[in-house]
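Colleague: Attaching a single structure in structure tokens format; questions to follow.
The values are calculated or read from the model by the stated rules, or taken from the named source; none is laboratory data. The structure displayed is predicted, hence computed values, not measured ones. Using ideal geometry, Cβ is built from the backbone for each residue, glycine included, and neighbour counts are taken over all protein chains shown.
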Amino acid sequence: MTKQLFPLLALTVLAAAGPAHGAIIFQRLGDISYQCCPGAAVAFTWTQPNTWTDVRIDIPVYHNDSAGVLRTGVLYLTNSLGPGTTQLANEIDESILQSTTPGESILTAFTGLTLGPGTYHLIYHPVGGGYWDQLLVTFNALSPLTTAPGVTEGFYGIEDINAPYRPASTFVPLYYGMRVSITGTPEPAAVPEPASGLLAFGALVWIFQRRR
């Protein structure tokens, strides 16, 4: 059964501009509109045309339990989503997120990654706790999205049919953007060495002279 989002009222932003670590690849923060989703995995997809190094991914989470109670979630980074996805073939990295502080925290999930051109997926699910008392990701309905040139926002989904390996679950669309900050260093475009051009020019001059 498809699960629904749960609205939050009167929550203020912790960091409107978000973590400042390198250049922005993809970032949506702003106020929390929803926290999501007790007992279910959620997924987010983006596509980038270039290679980025030193990639860092920060995830705002919401702790729904009492102070000092440890709440945990798992975040996967993969190059595939849905049935047929496997840990061996498609997982790039995996992170355990934990908090004992009620309310919102921005947790660093991954650092030091190198991601080439392609489509990537973040899949998160809470672990343990009661149905309401979990560590949940957060969503924003209206805040501006900031992306690097050529980077595009893709699919947002909630788990509909669970799989033992959660990125392989069947997901149905969500219509709100997950709050996330993905930053890094763009890899410079390759520039031909000047010597190559000079050699080609010299060859043309030699051919022209031979024909005279």
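Colleague: Filter the stretch 166-189 down to residues that are surrounded by 13 or more Cβ atoms within 10 Å (Cβ to Cβ), out of contact with any Ser or Thr (no Cβ under 7 Å at 6 or more places or on another chain) and in a loop (DSSP other than H, G, I, E, B), then give me how many there are.
Modeller: 2
Yes/no per residue for (1) crowded, with 16+ Cβ neighbours inside 10 Å; (2) β-branched (V, I, T); (3) touching a residue at least 12 places away in the same chain (Cβ under 8 Å); (4) in contact with a Phe, Trp or Tyr (Cβ under 6 Å, 6 or more places away or on another chain):
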position	(1), (2), (3), (4)
A43	yes, no, yes, yes
W52	yes, no, yes, no
P60	yes, no, yes, no
P102	no, no, yes, no
G118	no, no, yes, no
P126	yes, no, yes, no
G129	yes, no, yes, no
L136	yes, no, yes, yes
P144	no, no, yes, no
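Colleague: Residue under question is T2, and the condition is that it be part of a loop (DSSP other than H, G, I, E, B), hydroxyl-bearing (S, T, Y) and either at pLDDT below 85 or crowded, with 17+ Cβ neighbours inside 10 Å (or both); does it hold?
Modeller: The answer is yes for T2.
Colleague: Hey, can you tell me all the residues within the stretch 32-47 that are at pLDDT 90 or above and among the aromatic types (F, W, Y)?
Modeller: Residues satisfying the conditions are F44, W46.
Colleague: Next question, about the same structure. Would you check which residues across the stretch 63-93 are buried (at least 16 other Cβ atoms within 10 Å of the Cβ), in a loop (DSSP other than H, G, I, E, B) and modelled with pLDDT under 95 and list them?
Modeller: N64, D65 - these are the residues of the stretch 63-93 that are buried (at least 16 other Cβ atoms within 10 Å of the Cβ), in a loop (DSSP other than H, G, I, E, B) and modelled with pLDDT under 95.
Colleague: Among the listed residues L113, L107, L136, L122, identify the single one that is in a strand (DSSP E or B) and touching a Pro at 6+ places or on another chain (Cβ under 7 Å).
Modeller: That would be L136, the only listed residue that is in a strand (DSSP E or B) and touching a Pro at 6+ places or on another chain (Cβ under 7 Å).
Colleague: Residues that are surrounded by 15 or more Cβ atoms within 10 Å (Cβ to Cβ), in a strand (DSSP E or B), of a type in the set (S, T, N, Q) and modelled with pLDDT of 95 or more: does the stretch 147-164 have at least one?
Modeller: yes
Colleague: Can you work out which of the residues in the stretch 17-62 that are in a loop (DSSP other than H, G, I, E, B) and β-branched (V, I, T) is farthest from I161 (Cα to Cα)?
Modeller: T51
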